[in-house]
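The values are calculated or read from the model by the stated rules, or taken from the named source; none is laboratory data. This one's a predicted model, so the numbers in the text were calculated from it and none came from an experiment. Cβ: placed from backbone, ideal geometry, glycine included. Neighbour counts: every protein chain shown. Please note that ligands, DNA and RNA were not included when accessible areas were found on the heavy atoms of the full protein model with its side chains. Shrake-Rupley method; radii C 1.70, N 1.55, O 1.52, S 1.80 Å.
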Amino acid sequence: MKIGKSLLALSLVVALCGCWDNTDINHRVLPVVMGVSKKDSEYKIFLQIPEPIQNHTLIKIVTGSGSTINHAVDKISANLEDHVDLLHVKLILLDKKYAQSGVDDSIADFMRGRDVSPKTLVSICDEDLEQFFIKVKKKMEPKGTTLYDFFEKNAGWNPQIALTRVWEVYRSIHSYTRDVAIPVIRSGASTVVQHEGSGVIKNGKMVAQIDSDETLLFNAFNGESTQGKIEVMDHASVLITSNSIRHKGTMIDGKPYLKSKIKLKVVIQETKGHPTSDEIKKEIEVMLKSRFDQMFVKLQGSGADILGTGQYFRNLIPRTQLKDWRTQYYPKLKLDFQVQATIENTGFTNLQ
């Protein structure tokens, strides 16, 4: 009997030791957005914390500085009445100047520490973070998740917005053949957020920027759906209903060649004048190909392979030479991008 009681007491002690440092949910601060900027060797952190009050949500923005991100967060937590829990952060907002100087250390810390989920979305802010949070705070109440909803596919997301997560940035930093694009935003004049395109990230640094229309093609090239995007041309506007793409890479005399063909299904929304279906089809094909070719010239010049073209040559290039993809092979890559549009419906327009 005494042995049984001793074992029971011991098991309770072990159980208590395993959760002694747990913090009750009622004593946790759960920020949904984290802003990160860096000046010299000091980080400045912004945390957007929603506080539900009766029928609305109060938005609190708290800041802290430190030699590391964790140091800054720890100082914020020390000045709050509750413990800061970063596991519920849905969006990390990076200052543009910080992104241009390189964010590889911070991304590595996020992956190593696991305080922030690897699935957390990443974006770049094209204005001073302090001013950004001041402006958007006034427009977010009574709803505190507006910034995250902007990237949520079931809320405000549009197909010309890139969706990039912490683990994808980390992967790109350590990959020989794939870089990444991160959406760029700023506070809007009449809306909470204004989309400015995407930052082109190479080895953890922002080296170029593409606009929203080019980001649409970036998403399409990587197999993402562009459904719902309206393209406006000289003689008509069309709605994209579906898309698919195929790639085929070959090596000729040591040089990489990639043939990519995207198929689009569109619905005509409006027409100007009296264009035929063939004219509209040709117009959208020429427009998208020209836009893509211009974007690819920009990307190739930056040395960043956000399209992941190197992925299609991993079996064609010796593994020992993959590390030279960006410097030896990518600048010589010839990419034949083709667009094939199919008009599914002309609506109420009378076309021949």
>> At 1.4 Å probe size, what's the solvent-accessible area of Glu270? Round to the nearest 10 Å².
In response: 120
> With r defined as the distance between the Cβ atoms of Thr63 and Met251 and R0 fixed at 56 Å, what FRET efficiency is calculated, to the nearest 0.05?
Replying inline: 0.60
> Counting only protein chains, not ligands or nucleic acids, how are Met111, Met251 ordered by accessible area (probe 1.4 Å), most first?
Replying inline: Met251, Met111
> Which aspartates and glutamates have a Cα less than 20 Å from the Cα of Lys281, not counting those fewer than 8 places away in the same chain?
Replying inline: Asp213, Glu214, Glu231, Asp234, Glu270, Asp293, Asp336, Glu344
>> To make sure I understand the rule: partners must be lysines, Cα under 21 Å from the Cα of Lys255, and not fewer than 8 residues away in the same chain. Which ones qualify?
In response: Lys298, Lys323, Lys332, Lys334
> Hey, how many Å between the Cα centroid of region 237-285 and the Cα centroid of region 153-168?
Replying inline: 23
>> Computing the accessible area with a 1.4 Å probe over protein heavy atoms, can you report the carbon and sulfur percentage for the chain?
In response: 50
>> Between 0 and 90 degrees, rounded to the nearest ten: what's the tilt of helix 2-18 against the longest Cα principal axis of the chain?
In response: 50
>> If you average the C-alpha positions of region 67-94 and of region 186-218 separately, how far apart do those two centres end up, in angstrom?
In response: 26
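How much net charge surrounds Asp305 when only the other residues with a Cβ under 11 Å from the Cβ of Asp305 are counted, with Lys and Arg +1 and Asp and Glu -1? Let's see the in-between values first.
Details: positive: Arg178, Lys202, Arg326; negative: Asp179.
The answer is +2.
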> Per residue and in Å³, how big is the convex hull formed by the alpha-carbon atoms of the chain?
Replying inline: 220
> Any idea how far apart Thr320 and Ser290 come out in nm if each label point goes 7 Å out from Cα toward Cβ?
Replying inline: 4.7
> Rg and Dmax of region 26-210 over Cα atoms: what are they, in angstrom?
Replying inline: 15.6, 51
> What spacing in nm lies between the two simple spin-label points modelled at Asn70 and Lys282, each 7 Å away from Cα in the Cβ direction?
Replying inline: 6.3
> One-quarter of the Cα convex hull surface for region 222-352, in nm²?
Replying inline: 8.6
>> Taking amide H atoms as placed 1.01 Å from N in the peptide plane, list the residues 5 or more away in sequence, or in a different chain, whose amide H sits under 5 Å from that of Gly188.
In response: Val193, Gln194
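Taking a 1.4 Å probe, which of Ser212, Ser123 shows the most accessible area, and what order do the others take after it?
Greatest to least solvent exposure: Ser212, Ser123.
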> Please state the equivalent ellipsoid semi-axes for region 203-277: what are the square roots of 5 times the Cα gyration tensor eigenvalues, largest first, in whole Å?
Replying inline: 30, 18, 12
> Roughly how much of Asp324 is accessible, in Å² to the nearest 10, using a 1.4 Å probe?
Replying inline: 50
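Say the cut-off is 22 Å between C-alpha atoms; which of Lys38/Lys135; Lys229/Lys263; Lys153/Lys289 go over it? Walk me through the numbers before you get to the answer.
Values: Lys38/Lys135 20 Å; Lys229/Lys263 15 Å; Lys153/Lys289 27 Å.
Table pairs above 22 Å Cα-Cα are Lys153/Lys289.
Which order do Trp325, Trp157, Trp167 take when ranked by solvent-accessible area (1.4 Å probe, heavy atoms of all protein chains), largest first?
Numbers: Trp325 0, Trp157 45, Trp167 100 Å².
Per-residue accessible area, sorted high to low, gives Trp167, Trp157, Trp325.
How big is the antiparallel share of DSSP beta bridges in region 26-210, given as a percent to the nearest 5? Could the numbers behind the result be given before it?
On the way: 31 of 44 bridges.
In region 26-210, DSSP labels about 70 percent of beta bridges as antiparallel.
Order the peptides 71-83, 184-196 from the highest to the lowest mean number of other Cβ atoms within 10 Å of their residues. Don't skip to the answer; put the middle values down first.
Numbers: 71-83: 14.5, 184-196: 17.2.
Averaged packing, sorted descending, gives the order 184-196, 71-83.
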>> Counting only helical runs of four or more DSSP H residues, what would the 222 nm mean residue ellipticity of the chain come to if each run contributes -39,500 (n - 2.57) and the total is spread over all its residues?
In response: -9000 deg cm²/dmol
>> Can you give me the distance in nm between label points at Asn79 and Arg171, each placed 7 Å from the Cα along the Cα-to-Cβ direction?
In response: 3.8
